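Student: Quick one: the structure is below, and I'll ask about it shortly.
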């Protein structure tokens, strides 16, 4: 699993193109402020473990990053461009859903960008050392 986390002052998206036929239809975008934006790629080798163990590793990293940025809002964004290896769509979505639930149980506000879409993104991020953290988990 590869993860690039950015602290963002502002983040917004609008759906540009559906690229996964079974994805729910999404017409509207959304905007967020003062949040962590996590670009996440679940890799094929992650499927050798169960989804719960991968979700736990992801959530621990996101919580650590949130503490470093004094932030309680986390946006999960599937970004299949951090590695050449990709897990199945079903496994990836399962990890995302489990991670979101665990984060919510930990009193974090969460959101997921629409799964199965290319999105138009607008990002405003500050330039301090912990505002951008990359990890291979």
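The values are calculated or read from the model by the stated rules, or taken from the named source; none is laboratory data. Quick caveat, the model's predicted, so the values are computed rather than measured. Note that each Cβ is placed from the backbone with ideal geometry, even for glycine, and that neighbours are counted across all protein chains shown.
Student: Return a yes/no flag: does segment 50-73 have any residue that is modelled with pLDDT of 95 or more, assigned to a strand (DSSP E or B) and in contact with a strand residue (DSSP E or B) (Cβ under 7 Å, 6 or more places away or on another chain).
Tutor: So far as segment 50-73 goes, yes, one or more of its residues are modelled with pLDDT of 95 or more, assigned to a strand (DSSP E or B) and in contact with a strand residue (DSSP E or B) (Cβ under 7 Å, 6 or more places away or on another chain).
Student: Condition test on residue 20, is it touching a strand residue (DSSP E or B) at 6+ places or on another chain (Cβ under 8 Å), surrounded by 13 or more Cβ atoms within 10 Å (Cβ to Cβ) and without any contact (Cβ under 8 Å) to a residue 60 or more places away in the chain? Full working, then the answer.
Tutor: Details: touching a strand residue (DSSP E or B) at 6+ places or on another chain (Cβ under 8 Å): yes; surrounded by 13 or more Cβ atoms within 10 Å (Cβ to Cβ): yes; without any contact (Cβ under 8 Å) to a residue 60 or more places away in the chain: no.
So residue 20 does not fit the description; no.
Student: Filter segment 85-125 for residues that are out of contact with any helix residue (DSSP H, G or I) (no Cβ under 8 Å at 6 or more places or on another chain) and farther than 22 Å from residue 14 by Cα and give the result.
Tutor: Those that are out of contact with any helix residue (DSSP H, G or I) (no Cβ under 8 Å at 6 or more places or on another chain) and farther than 22 Å from residue 14 by Cα: 90, 101, 104, 105, 107.
Student: Take residue 27 and decide whether it is touching a strand residue (DSSP E or B) at 6+ places or on another chain (Cβ under 9 Å), surrounded by fewer than 13 Cβ atoms within 10 Å (Cβ to Cβ) and at negative phi.
Tutor: Details: touching a strand residue (DSSP E or B) at 6+ places or on another chain (Cβ under 9 Å): yes; surrounded by fewer than 13 Cβ atoms within 10 Å (Cβ to Cβ): yes; at negative phi: yes.
Yes, satisfied.
Student: Restricting to segment 34-49, count the residues that are in contact (Cβ under 8 Å) with a residue 40 or more places away in the chain and not in a loop (DSSP other than H, G, I, E, B).
Tutor: Count: 9.
Student: Follow-up. Restricting attention to segment 1-32, report how many residues are in a strand (DSSP E or B) and in contact with a helix residue (DSSP H, G or I) (Cβ under 7 Å, 6 or more places away or on another chain).
Tutor: Initially, segment 1-32 is screened for residues in a strand (DSSP E or B), giving 2-18, 30-32.
When the remaining residues are screened for being in contact with a helix residue (DSSP H, G or I) (Cβ under 7 Å, 6 or more places away or on another chain), the result is 3, 5-7.
Within segment 1-32, residues that are in a strand (DSSP E or B) and in contact with a helix residue (DSSP H, G or I) (Cβ under 7 Å, 6 or more places away or on another chain) number 4.
Student: Identify all residues within segment 79-109 that are crowded, with 20+ Cβ neighbours inside 10 Å and touching a strand residue (DSSP E or B) at 6+ places or on another chain (Cβ under 6 Å); write none if there are none.
Tutor: Correct list: 96, 103.
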